[in-house]
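The structure appears right after this line, and notes come after that.
The values are calculated or read from the model by the stated rules, or taken from the named source; none is laboratory data. Just so we're clear, the structure is a prediction, and the values are computed from it rather than from any experiment. Heads up, the Cβs are rebuilt from the backbone with ideal geometry, glycines too, and the neighbour counts pull from every protein chain shown.
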Amino acid sequence: MIFTKPPLVAIIGGGPAGLMAAEVLAAAGASVDLYDSMPSVARKFLLAGKGGMNITHAEPRAPFQARYGARAAEVGQWLDQFDGAAVRAWIHALGIDTFVGSSGRVFPLEMKAAPLLRAWLHRLRAGGVRFPMRHRCTAFDKDDLRFDTPAGEVRARADAVILALGGASWPRLGSDGAWVAPLREKGVTVAELRASNCGFEVDWSAHFKDKYAGAPLLTVAVATRDCPARKGQFVITRHGVEGSLIYALSAPLRDQIAQDGSATIWLDLAPDFSADKVFQEVLHPRGARSMASHLQSRLGLKGVKSGLLHECLSKADYNDAAALAAAIKRLPLVLRRTRPIDEAISSAGGIAFEALDQHAMLRALPGVFACGEMLDWEAPTGGYLLTACFASGRAAARGVLEWLAGSTTSGR
């Protein structure tokens with residue numbers, strides 16, 4: 001796109017969505033100022049990458065898109081322009097090699113976020129993107145942007161604004177959801193922000209949590225009211241349960257708790273054995289051994305798995321072979337509450353898609369666009385969150401360019 005005079009676009013928020021929007025705009029010839037309230041950009045991105053930077057997923061398109069649940073159609077429009085394969089090609093162009101893990105998750109070869117971010121920021125700065133840091137936006141009007149800074153209030157204007165302020169998880173890294181009230185006051189429809197990819201609280205006994213908090217369940221399957229059993233891993237915490245298998249089920253569990261006051265999951269503590277095999281092993285003569293020693297010998301149940309049986313079963317059921325065998329394959333565990341949103345990996349809720357026009361512009365605020373986790377969608381971990389943030393940032397940037405071109409043509 002050719003401009004007689006480069007338009008000035010202000011991007012508020014320096015996470016993956018905002019940075020990707022900046023890249024598209026700068027490449028199109030726009031002048032870009034990317035503001036962030038923190039001392040540096042992409043802090044959540046860096047922290048998420050400390051344990052291994054899962055950048056996207058190699059899953060085929062249909063199941064990939066289905067991961068976005070109720071908003072699969074809307075997110076699918078972003079993925080039409082920038083899907084998982086495009087993410088990998090983009091990373092390779094930055095000089096970062098990737099590989100596909102056994103689960104289909106895609107990682108940078110070094111497994112770290114910092115080299116990727118350094119290469120990305122170098123390219124953005126070379127493209128002319130400016131980065132005013134420690135600027136907390138307090139007014140989103142493109143003709144009168146206002147920022148709190150260490151030096152006092154700063155005011156600016158722009159031809160267009162992209163909001164990429166994130167959700168409300170990990171607020172110490174910048175995404176605190178403080179934008180919700182100001183946008184609602186402007187007439188923007190915003191769904192309540194809720195924890196996503198989160199842990200849940202269980203009313204453990206003092207003995208159980210003192211003994212097993214931090215213990216991993218490495219080979220287990222979990223079923224819910226609406227989802228069949230799936231194998232994976234999770235961790236016992238002092239408050240309840242968390243980990244990859246729990247996060248994958250967190251959206252329906254969270255919604256069930258909101259509706260019913262609690263949710264039950266069923267644990268299969270021996271997923272590699274059939275129910276009949278478990279029953280036969282429980283009934284196998286054990287001589288003078290305790291039941292705990294017998295279960296460890298015959299089924300490999302020990303440690304936290306043994307502790308869960310004692311925690312969740314009555315003494316009578318534990319001593320009843322049929323009831324015990326049934327519980328090993330389907331042990332009910334009642335989840336009482338979600339953990340606080342500031343502990344969650346991500347958040348659900350946000351700006352309703354219906355509040356945006358075809359350019360990703362807020363209908364109530366002409367010239368102001370939105371992208372990333374601010375919008376009302378969610379996804380499980382596994383690279384799906386980042387891919388959609390990247391893709392939505394690109395979509396918002398294209399929307400800005402189309403809107404600016406139309407504004408110039410119409411004389412607006």
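A few notes on this one:
- Residue check, HIS207 without any contact (Cβ under 8 Å) to a residue 40 or more places away in the chain and not aliphatic (A, V, I, L, M): yes
- Subset of the stretch 53-68 [more than 13 Å from GLY104 (Cα to Cα) and in contact with a Lys or Arg (Cβ under 8 Å, 6 or more places away or on another chain)]: MET53
- The single residue among ALA270, ALA258, ALA223 that is modelled with pLDDT of 95 or more and either within 21 Å of the chain's Cα centre (by Cα) or assigned by TED's automatic domain parsing to the domain that holds ARG67 (or both) turns out to be ALA258.
- Residue within the stretch 239-251 that is part of a helix (DSSP H, G or I), more than 30 Å from ARG67 (Cβ to Cβ), modelled with pLDDT under 95 and small (Gly, Ala, Ser) present: no
- Going through (1) surrounded by fewer than 16 Cβ atoms within 10 Å (Cβ to Cβ); (2) touching a residue at least 24 places away in the same chain (Cβ under 8 Å); (3) of a type outside the set (Lys, Arg); (4) over 21 Å from GLY367 (Cα atoms) one by one, PRO6 falls short only on (4).
- Residue count, the stretch 165-184 (criterion: within 18 Å of the chain's Cα centre (by Cα) and not in a loop (DSSP other than H, G, I, E, B)): 3
- Scanning the stretch 1-42 for residues that are charged (D, E, K, R) and at pLDDT 95 or above gives GLU23, ASP33, ASP36.
- Top-ranked residue of the stretch 20-51 - restricted to ones that are over 26 Å from MET111 (Cα atoms) and small (Gly, Ala, Ser), ranked as nearest to the chain's Cα centre (by Cα): SER37
- Any pair with Cβ under 8 angstrom, 6 or more apart, that starts in the stretch 386-400 at a residue that is farther than 13 Å from ALA27 by Cβ and ends at one that is of a type in the set (Asp, Glu): THR387/ASP83; CYS389/GLU373; ALA391/ASP83
- Check on VAL222, touching a Lys or Arg at 6+ places or on another chain (Cβ under 7 Å), among the hydrophobic types (A, V, I, L, M, F, W, C) and assigned to a strand (DSSP E or B): yes
- For the stretch 315-339, the set of residues classified as in contact (Cβ under 8 Å) with a residue 40 or more places away in the chain, farther than 25 Å from GLY383 by Cβ and outside any helix (DSSP H, G or I) consists of ARG330, LEU331, PRO332, LEU333, VAL334, LEU335, ARG336, ARG337, listed by residue number.
- Qualifying residue in the stretch 298-311 (condition: over 30 Å from VAL9 (Cβ atoms), touching a Pro at 6+ places or on another chain (Cβ under 9 Å) and not in a loop (DSSP other than H, G, I, E, B)): yes
- Being more than 20 Å from VAL9 (Cα to Cα), modelled with pLDDT of 95 or more and assigned by TED's automatic domain parsing to the domain that holds VAL180 holds for only one residue in ALA164, ALA113, ALA158, ALA93, and it is ALA93.
- Those strands (runs of 3 or more DSSP E) lying entirely in the stretch 1-100 with at least 1 residues at negative phi and of a type in the set (Ser, Thr, Tyr): 31-35, 98-100
- Where SER306 falls short, out of the listed (1) at pLDDT below 95; (2) under 42 Å from the mean Cα position of the chain (by Cα): (1)
- Any hit, the stretch 169-178, residues being over 20 Å from PRO16 (Cα atoms) and surrounded by fewer than 21 Cβ atoms within 10 Å (Cβ to Cβ): no
- Unmet criterion (only one of (1) surrounded by fewer than 21 Cβ atoms within 10 Å (Cβ to Cβ); (2) at pLDDT 95 or above; (3) among the polar types (S, T, N, Q)) for THR338: (1)
- Each residue in the stretch 122-164 was checked for being more than 21 Å from ILE351 (Cβ to Cβ), of a type in the set (A, V, I, L, M, F, W, C) and assigned to a loop (DSSP other than H, G, I, E, B), and 4 pass.
- Filtered by the rule that a residue be touching a residue at least 24 places away in the same chain (Cβ under 8 Å) and farther than 16 Å from LEU385 by Cβ, the stretch 109-128 gives MET111, LYS112, ALA114, LEU117, ALA119, TRP120, LEU121, ARG123, LEU124, GLY127, GLY128.
- Residue match in the stretch 249-267 (condition: under 15 Å from LEU218 (Cα atoms) and buried (at least 16 other Cβ atoms within 10 Å of the Cβ)): yes
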